[in-house]
Amino acid sequence: MILDADHAVVRRLRVPTERERGYEWIVGRVGAVVADLLEDAPGCDVVGIGTPGSPSRRTGLLKNSNTICLNGRPLAADLEAEIGMPVRLENDANCFALAESLLGAGRGHELVFGVILGTGVGGGIVVGGKLWSGPQDIAGEWGHHVLDPAGPPCYCGARGCVETMLCGPALEAQHVAAGGPPCDAAAVAVRAAAGDERARVVLDDWLDRFGRALANVVNILDPSVVVLGGGLSNVAALYTRGRESVARHDFNDELVTPIVQHALGDSAGVIGAALLTAGSARRRRGT
Ligand SMILES: [Zn+2]
């Protein structure tokens, strides 16, 4: 995506990364997208990129990515070599939180906790319009808080992480484990809303876990707003029964924190990546 200096979208281009084809393939795919977009951004001299995981400030190597072939690789340096210009690389949930904080549902709030609920679970923290990624670049990584030490194994090495209990594939698996037919996570929510008792019980358990997990974050950060993104943020019950679950586990007599849906659509992460380059380019690109 290309943004102009006023954050208006000049052009967008979406291609699958085909991560199953490995690290070099992904780097090449990103390079090809940038080369294509460059034709419409001749003044561009820096590229912002959002990725699962985060680059280690100490080694420059990527870590903590659920696209595990990226881990241990110098992704920023390799992308700079592929693209031929500087890149600003940041965790994709951080990019989402930055975009929603500055341009979306978090506008006007001092501390924004941005949440990705989709095939993975991530989070990002923006304070006063600036990303807080922390000295270890792990700020906001609630997806690897442990909810159940006896839960399913996670790629990070732990068991029962928030990500493995709350992601879309987890909800689908929980529905099948309860005896329901295979269907995607959104369909589980639709079934529950339509009166399917089994789907309702599965969804309520999932919403309770959501509340426990998010309350752990709220109890530490006490954010001004929580903005939900990712495919599962469309589940309407998150904002009613899910919110009630957060309130049950919140360390306060009432939950006043707004929990709202994103405002920038599924491009928020890419917009946030482009915003990483603020002040350093006449035209900005997020990938
Ligand atoms: Zn984990």
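The values are calculated or read from the model by the stated rules, or taken from the named source; none is laboratory data. Since we're looking at a predicted model, the values are computed, not measured. For neighbour counting, all protein chains shown are included, and Cβ atoms are generated from backbone atoms with ideal geometry for every residue, glycine included. Accessible surface areas use protein heavy atoms only, side chains included; no ligands, DNA or RNA. Shrake-Rupley method; radii C 1.70, N 1.55, O 1.52, S 1.80 Å.
Here are some notes:
- The single condition among (1) of a type outside the set (Ser, Thr, Tyr); (2) more than 29 Å from Val47 (Cβ to Cβ); (3) open to solvent by 60 Å² or more (accessible area, probe 1.4 Å) that Asp266 does not satisfy is (2).
- Cβ-Cβ under 9 Å pairs, at least 6 apart or on other chains, the stretch 227-250 side aromatic (Phe, Trp, Tyr), far side assigned to a strand (DSSP E or B): Tyr239/Leu228; Tyr239/Ile259; Tyr239/Val260; Tyr239/Gln261
- Taken as a whole, the condition of being closer than 18 Å to Leu232 by Cβ, open to solvent by 10 Å² or more (accessible area, probe 1.4 Å) and more than 9 Å from the ligand (Cβ to nearest atom) applies to Cys183.
- Subset tally (residues that are touching a Ser or Thr at 6+ places or on another chain (Cβ under 9 Å) and open to solvent by 60 Å² or more (accessible area, probe 1.4 Å)) for the stretch 228-242: 0
- Residue count, the stretch 141-175 (criterion: closer than 14 Å to Leu117 by Cβ, among the small types (Gly, Ala, Ser) and near the ligand (Cβ under 10 Å from one of its atoms)): 1
- Some residue of the stretch 216-227 being open to solvent by 60 Å² or more (accessible area, probe 1.4 Å), of a type outside the set (Asp, Glu) and either touching a Lys or Arg at 6+ places or on another chain (Cβ under 8 Å) or more than 29 Å from His175 (Cβ to Cβ) (or both): yes
- Tallying residues that are over 24 Å from the mean Cα position of the chain (by Cα) and either in a helix (DSSP H, G or I) or surrounded by 12 or more Cβ atoms within 10 Å (Cβ to Cβ) (or both) within the stretch 6-53 yields 7.
- From the list Arg107, Arg88, the lone residue that is surrounded by 16 or more Cβ atoms within 10 Å (Cβ to Cβ) and among the basic types (Lys, Arg) is Arg88.
- Restricting the stretch 123-140 to residues that are modelled with pLDDT of 95 or more and within 19 Å of Leu214 (Cα to Cα) leaves a set whose member that is farthest from the ligand (Cβ to nearest atom) is Val127.
- Residue check for Asp253: surrounded by fewer than 18 Cβ atoms within 10 Å (Cβ to Cβ), under 24 Å from Val162 (Cβ atoms) and of a type in the set (D, E, K, R): no
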